[in-house]
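Participant: I'd like to ask you about the structure that follows.
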Amino acid sequence: MAGHGTDEHPHGADRLCEAGDRVYSRAVRRGRVPRRDAEPVPCLLELALLHPDPDDMDWLVPTSPQEVMTRLLRGVYDEISASQRRVGSAVAAFEWYAGLGGRAAASSEGMAIRVLDGPSRIQAALDEATAACTTEVLTVQPGGIRREHELSEGLHRALALRGRGVRMRDLYNHVARHGQGLLNYLELMGDAVEARTLDEVIDRLILFDRTVAFIPANADRTMALELRHPGLVEYLVTVFERLWRLAIPLTAPLPDTGIEGISHREQSIAALLAEGHQDAVIAERLGISVRTCRAHIARLSETLGAASRTQLGVRIAQVGLDGPARPLSAAELTLPDQGSPTAR
């Protein structure tokens with residue numbers, strides 16, 4: 001929404017002009033305003049902040065501030081999703097070009113882009129970057145609950161960083177909150193590490209001092225890319241910071257969906273189902289097992305009164321679970337008549 005507006009009012013709903021702010025504020029306080037009051041500020045109609053009163057077309061009624069906020073947050077989410085897709089494309093491109101010339105091509109890139117082949121080379125490069133780090137480490141850790149052995153693999157590096165006063169910020173999937181290993185690790189690290197969670201995160205990323213980044217170079221993570229090109233590193237820092245701003249601190253509870261009987265995770269699954277994703281894809285993106293994903297889908301179907309997968313998709317759209325959450329009315333949660341065509 002931030003990109004819409006007229007030539008005289010080139011702004012979005014997140015930064016209204018002074019005149020628009022006055023008229024919209026008045027409409028919210030009074031419930032409606034005369035249409036003539038909005039003529040000097042056509043941006044309010046173009047941004048759908050005001051719309052005609054169906055009972056009297058000479059008056060305009062405001063869109064609720066809650067709905068406006070929902071639109072703005074969806075816009076930010078879409079921007080982040082687009083950034084994630086661009087990161088994926090960049091990684092694929094680097095892997096392709098690095099493979100064209102084999103070792104010679106990798107050497108020709110010098111220190112800007114280096115292909116690390118094998119766990120031992122990856123570990124050695126991470127140890128080297130850790131030893132040189134002086135201020136900050138940013139990481140994205142996908143994959144759901146962190147196992148004890150996964151956390152212990154990099155524990156020596158984390159303790160070395162903490163000993164030098166380096167600050168660390170880690171991003172995880174929401175499901176990682178349920179792992180005791182992660183909680184033990186954070187307790188051990190104290191205030192040296194700050195952790196936040198999201199429904200979905202990008203693939204693994206480690207950034208040292210905003211000068212060197214490590215990302216996977218293949219699906220099984222037996223190869224990695226070490227990136228020192230300033231433009232690439234800065235881009236990855238920007239992606240991390242935008243995700244961090246949207247993430248929820250690990251110490252804070254997940255927001256209530258506002259829908260009785262539907263958890264935050266089920267809301268996320270419903271949104272991905274609405275996008276047409278299969279169970280395995282949804283499970284991978286949320287960091288859960290396929291079995292757990294299907295159990296949540298079954299509970300969604302029961303709560304929404306859906307007798308089939310097709311009907312579940314319809315019900316998800318009807319109650320608004322294909323987008324930002326909104327409270328359901330009693331009528332919406334009433335099970336459909338089992339004799340009707342939609343119940344079959």
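Participant: Of all residues in the stretch 52-61, which are open to solvent by less than 60 Å² (accessible area, probe 1.4 Å) and either under 14 Å from Val23 (Cβ atoms) or in contact with an Asp or Glu (Cβ under 8 Å, 6 or more places away or on another chain) (or both)? Show your work before the answer.
Facilitator: So the first thing to find is which residues in the stretch 52-61 are open to solvent by less than 60 Å² (accessible area, probe 1.4 Å), and the list is 52-53, 56, 60-61.
Passing the criteria: Leu60, Val61.
Participant: Now for a different question. Quick one: count up the residues across the stretch 183-204 that are modelled with pLDDT under 85 and within 24 Å of Ala219 (Cα to Cα).
Facilitator: The number of residues fulfilling the criteria is 4.
Participant: Identify, from the list Leu250, Leu272, Leu243, Leu328, the residue that is at pLDDT below 80 and either open to solvent by less than 50 Å² (accessible area, probe 1.4 Å) or over 19 Å from the mean Cα position of the chain (by Cα) (or both). Steps first, please.
Facilitator: Working: Leu250 fails: at pLDDT below 80; Leu272 fails: at pLDDT below 80; Leu243 fails: at pLDDT below 80.
Step by step, each of Leu250, Leu272, Leu243, Leu328 is checked, and only Leu328 is at pLDDT below 80 and either open to solvent by less than 50 Å² (accessible area, probe 1.4 Å) or over 19 Å from the mean Cα position of the chain (by Cα) (or both).
Participant: Starting from residues that are under 29 Å from Leu321 (Cβ atoms) and without any contact (Cβ under 8 Å) to a residue 40 or more places away in the chain, keep the ones in the stretch 25-51 and report whichever is surrounded by the fewest Cβ atoms within 10 Å (Cβ to Cβ).
Facilitator: Once the filter is applied, the top-ranked residue is His51.
Participant: May I pose another question? Looking only at the stretch 300-313, which residues are in a helix (DSSP H, G or I) and surrounded by 15 or more Cβ atoms within 10 Å (Cβ to Cβ)? Break it down into steps so the answer makes sense when it comes.
Facilitator: First pass over the stretch 300-313, keeping only residues in a helix (DSSP H, G or I): 300-304, 309-313.
Correct list: Leu300, Ser301, Thr303, Leu304, Gln311, Leu312, Gly313.
Participant: Checking Ala280 against (1) over 24 Å from Gly88 (Cβ atoms); (2) assigned to a helix (DSSP H, G or I), which test does it fail?
Facilitator: Going through the list (1) over 24 Å from Gly88 (Cβ atoms); (2) assigned to a helix (DSSP H, G or I), Ala280 breaks only (1).
Participant: To continue, here is another question. Could you check, for the stretch 193-207, whether at least one of its residues is open to solvent by 60 Å² or more (accessible area, probe 1.4 Å), among the polar types (S, T, N, Q) and outside any loop (DSSP other than H, G, I, E, B)? Explain how you work it out, then say what you get.
Facilitator: Kept after step one, since they are open to solvent by 60 Å² or more (accessible area, probe 1.4 Å), are these residues of the stretch 193-207: 194, 203-204.
Within this subset, residues satisfying the condition of being among the polar types (S, T, N, Q) are none.
No, because not a single residue in the stretch 193-207 is open to solvent by 60 Å² or more (accessible area, probe 1.4 Å), among the polar types (S, T, N, Q) and outside any loop (DSSP other than H, G, I, E, B).
The values are calculated or read from the model by the stated rules, or taken from the named source; none is laboratory data. Worth saying up front: this structure is predicted, and the values here are computed from it rather than measured. In this analysis, Cβ positions are derived from the backbone assuming ideal geometry, glycine residues included, and neighbour counts consider all displayed protein chains. Only protein heavy atoms, including side chains, enter the accessible area calculation; ligands, DNA and RNA are left aside. Shrake-Rupley method; radii C 1.70, N 1.55, O 1.52, S 1.80 Å.
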